[in-house]
Amino acid sequence: MQTNRYPTTVYLSVPEMLRLVQRKGLSACIAGVADRIVREFLRWNEFDKSARVACPSDVGVIELTPRHKPRDGRWPSRSSATVAN
């Protein structure tokens, strides 16, 4: 069985975001985002700082954002990518 080397992109719609905030609470969501920002900035020197690549599509332009592999070498699961786990 082949495993995906990279995480899939999860689209978080407005209705899904509203349900998430209603379930966890606004304070918990904001605190989760703030905590993640702090953790990422503490690892700033580990990131590959390169320009975003623009990729045209039929509906506009998609910006491909470079991403750094985590220290432990494992990409986060879908559940760990949500706000304020």
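Rounded to the nearest 20, the Cβ-based charge dipole of segment 14-67 about its Cα centre (Lys and Arg +1, Asp and Glu -1) stands at 260 debye. Here each label is just a point 7 Å from Cα along the line to Cβ, and for E40 and Y11 those points are 2.1 nm apart. When you restrict to C-alpha pairs under 8 Å that are six or more residues apart and normalise by the size of segment 14-67, the relative contact order lands at 22 percent. Spin-label pair S57-A31: with each label point 7 Å from Cα along the Cα-Cβ axis, the two points sit 3.5 nm from one another.
Where a number appears in this text, it was derived from the coordinates with a stated rule and is not lab data. Bear in mind that the values here come from a model prediction, so they are computed numbers and not experimental data. When we count neighbours, we look across all protein chains shown, and the Cβ atoms used for this are built from the backbone with ideal geometry, even at glycine.
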